[in-house]
Amino acid sequence: MALFGALFLALLAGAHAEFPGCKIRVTSKALELVKQEGLRFLEQELETITIPDLRGKEGHFYYNISEVKVTELQLTSSELDFQPQQELMLQITNASLGLRFRRQLLYWFFYDGGYINASAEGVSIRTGLELSRDPAGRMKVSNVSCQASVSRMHVAFGGTFKKVYDFLSTFITSGMRFLLNQQICPVLYHAGTVLLNALLDTVPVRSSVDELVGIDYSLMKDPVASTSNLDMDFRGAFFPLTERNWSLPNRAVEPQLQEEERMVYVAFSEFFFDSAMESYFRAGALQLSLVGDKVPHDLDILLRATYFGSIVLLSPAVIDSPLKLELRVLAPPRCTIKPSGTTVSVTASVTIALVPPDKPEVQLSSMTMDARLSAKMALRGKALRTQLDLRRFRIYSNHSALESLALIPLQAPLKTMLQIGVMPMLNERTWRGVQIPLPEGINFVREVVTNHAGFLTIGADLHFAKGLREVIEKNRPADIGASTAPPPSTAAV
């Protein structure tokens, strides 16, 4: 009985689990590009290492090594991989650091000083980034593991006390190597938990799309890594800005990502588009009113001729009044995604009336319109854009079949009016697009759209329009100081 009870609870929990409206998969194909950009950023960060002064005494010799600066970093071998549990692992081997420092030596009454170059060789770094979802639904670097070591130091001493320096080099280089080992991991920890999180803060979570609706891209769970990809599930739901707590129940199928040939894949379910259309419907945006000169001239003549008898019977005095054509969507449009294409079904009312000045309007007819639009999706930069095209159109009367027959002559001109006057306005808005949850400075290129049953996927490659350093400096937070230092155990001595 306990087993059956557990199974029942599991099925019940699954029935109420909400599926994501948007999924993103980053594949191992993207790692080489990410590594190249990341290593440039890492080189710049390691050049900020500051090493404490090194002072000592050996017999009658007093030495002081100060103003140690990293001048260059040479990386000969590096690997960036996905790892389960750790998400991202970077391993650097056999690297070298160029150093410059000031030397000061005192032996009895003899003094020597100046600047000298050195190199740290056999530098090995192994660092892992653990990614998670924070309480606001944003992806964060929650932890950085690090091991770093320098196998040897080389200092080319010269000058009057060259032989003395050679005698002391073992003490000096050992001390500098120890201090350098201690500084690498804190720099990487700060870069991950502070600077990379500043980059991730540029990913939209709940943001406005326009003056009417917003979109919720909050992560539904922690990112999941395998050996070949990193998967992220986003809620992917629109909402009216006047009803920020409103939420459309997600009854669509869960989008699936199976491909791994491109750098990144994005999947959108029917729910993603349905929530957008319902949000605009609730915001009152899906209606249009054309009055007077806004009604196309040929359509105006046809409508007046069609309803001439009604005008004479109802109110002949207003026969020359401006004509009004009003379209109002009756229910939220619905999106259907099939392998053959994407369609949007719309049902609207069409009201025709005369609007005499300073008098109540005179309604001539009210009809229902069913329309089916085809939708083509495209990804440009980081914006998902939609191009709509009117495919099927039908008007009919809710009052009688006879009146529906009388409306047949209006179908062609009304369809033309929609194609010429309404569709361009819709496409102007939908082609502006909505941003995909990507950090600033990263765009999609060479995208391919594939339709499936209930969802569509877009495969693309990544392009860094801006360098990591540029974006991070723009969004850099105030340094947190000591709170960003890693635990002592993460730095290998």
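How many of the residues making up region 221-245 are surrounded by 18 or more Cβ atoms within 10 Å (Cβ to Cβ), closer than 20 Å to A136 by Cα and hydrophobic (A, V, I, L, M, F, W, C)?
Summing the residues that are surrounded by 18 or more Cβ atoms within 10 Å (Cβ to Cβ), closer than 20 Å to A136 by Cα and hydrophobic (A, V, I, L, M, F, W, C) in region 221-245 gives 5.
Determine which member of the set L257, L248 is open to solvent by less than 20 Å² (accessible area, probe 1.4 Å) and assigned to a loop (DSSP other than H, G, I, E, B).
After ruling out the rest, the residue left standing is L257.
Does D210 meet the test of being among the acidic types (D, E) and over 30 Å from G421 (Cα atoms)? Before you say what the answer is, go through the steps one by one.
On the way: among the acidic types (D, E): yes; over 30 Å from G421 (Cα atoms): no.
No, not satisfied.
Filter region 458-474 for residues that are charged (D, E, K, R) and not in a strand (DSSP E or B) and give the result.
K466, R469, E470, E473, K474
Select the strands (runs of 3 or more DSSP E) contained entirely in region 26-99, then report the ones holding at least 3 residues which are open to solvent by 70 Å² or more (accessible area, probe 1.4 Å).
61-74
Considering only region 148-162, I want to know if a residue exists there that is under 36 Å from the mean Cα position of the chain (by Cα) and modelled with pLDDT under 90. Even if it seems obvious, please write down each step before you answer.
Just the residues of region 148-162 that are under 36 Å from the mean Cα position of the chain (by Cα), to begin with: 148-149.
Right, trim to modelled with pLDDT under 90 and you get 148-149.
So far as region 148-162 goes, yes, one or more of its residues are under 36 Å from the mean Cα position of the chain (by Cα) and modelled with pLDDT under 90.
Could you tell me which of the residues I49, I116 is of a type in the set (A, V, I, L, M, F, W, C), out of contact with any Leu (no Cβ under 8 Å at 6 or more places or on another chain) and more than 23 Å from M232 (Cα to Cα)?
Unique residue meeting the criteria: I116.
Yes or no: G128 part of a strand (DSSP E or B) and more than 26 Å from F41 (Cβ to Cβ)?
no
If a residue has to be open to solvent by 70 Å² or more (accessible area, probe 1.4 Å), among the hydroxyl-bearing types (S, T, Y) and more than 16 Å from L54 (Cβ to Cβ) to count, how many in region 108-120 make the cut? Before the answer, list the steps.
If we filter region 108-120 for residues that are open to solvent by 70 Å² or more (accessible area, probe 1.4 Å), which is where we start, we get 108-111, 115, 117.
Applying the additional criterion that residues be among the hydroxyl-bearing types (S, T, Y) yields 111, 115.
Narrowing the set further to residues that are more than 16 Å from L54 (Cβ to Cβ) leaves 111.
The number of residues fulfilling the criteria is 1.
Run down T457, T490 and say which single residue is modelled with pLDDT of 90 or more and not aromatic (F, W, Y).
Numbers: T490 fails: modelled with pLDDT of 90 or more.
Result of the check over T457, T490: T457.
Where in region 260-364 are there helices (runs of 4 or more DSSP H), lying fully within it, with 1 or more residues that are farther than 30 Å from A453 by Cβ, charged (D, E, K, R) and open to solvent by 30 Å² or more (accessible area, probe 1.4 Å)?
In region 260-364, the matching helices (runs of 4 or more DSSP H) lie at 297-306.
Search region 365-386 for residues being within 30 Å of D320 (Cβ to Cβ) and without any contact (Cβ under 8 Å) to a residue 40 or more places away in the chain, and hand back the single one that is surrounded by the fewest Cβ atoms within 10 Å (Cβ to Cβ). Working first, answer last.
Step one: filter region 365-386 for residues within 30 Å of D320 (Cβ to Cβ), giving 365-369.
Retained after the next criterion (residues that are without any contact (Cβ under 8 Å) to a residue 40 or more places away in the chain): 366, 368.
Values: S366: 14, T368: 16.
So the residue we want is S366.
Name the one entry in L42, L88, L46 that is in contact with an Asp or Glu (Cβ under 8 Å, 6 or more places away or on another chain) and farther than 30 Å from F110 by Cβ.
Working: L42 fails: in contact with an Asp or Glu (Cβ under 8 Å, 6 or more places away or on another chain); L46 fails: in contact with an Asp or Glu (Cβ under 8 Å, 6 or more places away or on another chain).
Of L42, L88, L46, the one residue that is in contact with an Asp or Glu (Cβ under 8 Å, 6 or more places away or on another chain) and farther than 30 Å from F110 by Cβ is L88.
If you take the residues of region 121-143 that are over 20 Å from R206 (Cα atoms) and among the charged types (D, E, K, R), which of them is most open to solvent (accessible area, probe 1.4 Å)?
Only one residue tops the list, namely R126.
For residues that are touching a His at 6+ places or on another chain (Cβ under 6 Å) and surrounded by fewer than 18 Cβ atoms within 10 Å (Cβ to Cβ), tally how many sit in region 423-480.
Adding up the residues that qualify gives 1.
For S169, indicate whether it is at negative phi and at pLDDT 80 or above.
So S169 does not fit the description; no.
The values are calculated or read from the model by the stated rules, or taken from the named source; none is laboratory data. From a predicted model like this one, the values you see are computed outputs, not experimental measurements. Cβ: placed from backbone, ideal geometry, glycine included. Neighbour counts: every protein chain shown. Note: accessible area is taken over every heavy atom of the protein model, side chains too, but ligands, DNA and RNA are not part of it. Shrake-Rupley method; radii C 1.70, N 1.55, O 1.52, S 1.80 Å.
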